[in-house]
Amino acid sequence: MKFLKIIFLTVLFFQNFLSFSQSEKEMEAIAKYQLGEEAYSNNEFDKALAYLEQAKAIIGNKPKLLYLEIVVEMDKGFSTSERVRNILKKIEAFEKSAGIDSYSPDKKMAVAKNKILLKEKLNDMTLQEQKLAAQKQELEVNIKKGQANFESFTIDELPLGQTIEEFQKQYPNILPENYKMSKTKWESGTEADLIYACHSKSIGFENKENFLLPYNSSTGAPIYDTTIHLVLVKNGRVVGFQKTIFYYNSKGQGILTYSEATAEVTKYVEKFKADFESYGNKSTDAIPYYNYQNQWSWVISDTKGVHLYSDNYVDEKNPKRWKSSLTVRVFKDYK
């Protein structure tokens, strides 16, 4: 919005107050005013306003003094609603000042026009602030909702915190009696700090260090199903699970093309982001989000983590040979 420029003409200040009987205080006020004029002409707005405030403290509100103050405030700018309200208060003081009736009609009209424009500006700013406040409130609600979703998240609604014996008794199809227990490198320290990966002996992993990409240890064929294939144990208690969300390949596992399969990865990642309201700013997110190559993690240190792992592969020699999979792991620390 282009605001009307207030024209300022240098004039003798308080000409009608000059006389042989003029007090030292009145002379000081005139000097302060003139110093304000000089500061304004040098674009030293804050300095000019300081001098004008000092002059007002001596002789009170006078039209010419307030007019210059409004001019300075307008040129200083008003990027916030607080600034606009401040200028409108000074305009109100100008309109009510002693001697305003005999003051320059042109300058009074200039102030009146700026008053209208400032009110319109304030209305726009207020609406924008209300919109931002509503967005902030919505974000806070979503953050709380995301935190609750994250805290309650588990895989297939399985409980965390049970002893391994309790879990095995309740879910023998996930962890058979004769299971394999392997140490992981995810934590080191005392024996109680060790995390174990427990799984059926019939399952092997292409990525042995991170226990990813399960396959049938007898046939070597990838495991396509989406049942839980890994249970994480720490200090004798179940602290996490892992399962395949999907597995597609060029051999007919699934009905998607490679590009469609990789698009599924993006879809799941975005869904988790929306559920947890964690979009990548680790300094402000309620749940810090980490994005690595083919890995997306939401982690609250020493408390809980949810991880997605993607494996997308195309044979360079034969692009028709490809595979795409997505794995989810949830881990909660129990000490």
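Can you find, within segment 221-249, the residue that is farthest from ASP193 (Cα to Cα) among those that are of a type outside the set (D, E, K, R) and open to solvent by 50 Å² or more (accessible area, probe 1.4 Å)? This residue is TYR224.
Within segment 180-205, residues that are closer than 19 Å to HIS307 by Cβ and outside any strand (DSSP E or B) have Cβ atoms under 9 Å from residues that are among the hydroxyl-bearing types (Ser, Thr, Tyr) and modelled with pLDDT of 90 or more in these pairs: THR184/TYR196, counting only partners at least 6 apart in sequence or on another chain. Can you name the residue in segment 12-34 that is within 26 Å of PHE45 (Cα to Cα) and open to solvent by 90 Å² or more (accessible area, probe 1.4 Å) and is also modelled with the lowest pLDDT among such residues? If we take residues in segment 12-34 being within 26 Å of PHE45 (Cα to Cα) and open to solvent by 90 Å² or more (accessible area, probe 1.4 Å), then LEU12 is modelled with the lowest pLDDT. Across segment 315-335, the qualifying residues are those that are touching an Asp or Glu at 6+ places or on another chain (Cβ under 9 Å) and open to solvent by less than 60 Å² (accessible area, probe 1.4 Å), and the one among them that is farthest from VAL265 (Cα to Cα) is ASP333. Taking TYR67 and the conditions (1) open to solvent by 30 Å² or more (accessible area, probe 1.4 Å); (2) at pLDDT 95 or above; (3) closer than 26 Å to ILE116 by Cα, which numbered condition does it fall short on, given that it satisfies the others? Checking TYR67 against (1) open to solvent by 30 Å² or more (accessible area, probe 1.4 Å); (2) at pLDDT 95 or above; (3) closer than 26 Å to ILE116 by Cα, the one that fails is (1). Taking each residue of segment 108-136 that is within 17 Å of ILE87 (Cβ to Cβ) and looking for partners that are open to solvent by 60 Å² or more (accessible area, probe 1.4 Å) and of a type in the set (A, V, I, L, M) with beta-carbon atoms closer than 7 Å, six or more apart or interchain, yields ALA110/LEU4; ALA110/ILE7; LYS113/LEU4; ASN114/LEU4; LEU117/MET1; LEU117/LEU4; LYS121/MET1.
Can you find, within segment 101-136, the residue that is surrounded by the fewest Cβ atoms within 10 Å (Cβ to Cβ) among those that are polar (S, T, N, Q) and either assigned to a helix (DSSP H, G or I) or within 20 Å of the chain's Cα centre (by Cα) (or both)? This residue is SER102.
The condition (being among the hydrophobic types (A, V, I, L, M, F, W, C) and open to solvent by less than 60 Å² (accessible area, probe 1.4 Å)) is satisfied by just one residue among LEU139, LEU194: LEU194. The set of residues from segment 156-178 being surrounded by fewer than 17 Cβ atoms within 10 Å (Cβ to Cβ) and under 23 Å from SER301 (Cβ atoms) comprises PRO159, GLY161.
The values are calculated or read from the model by the stated rules, or taken from the named source; none is laboratory data. This is a predicted model, so every value here is computed, not measured. Cβ sites come from the backbone with ideal geometry, for glycine too, and all protein chains shown count toward neighbours. SASA here: full protein model, heavy atoms, side chains in, ligands and nucleic acids out. Shrake-Rupley method; radii C 1.70, N 1.55, O 1.52, S 1.80 Å.
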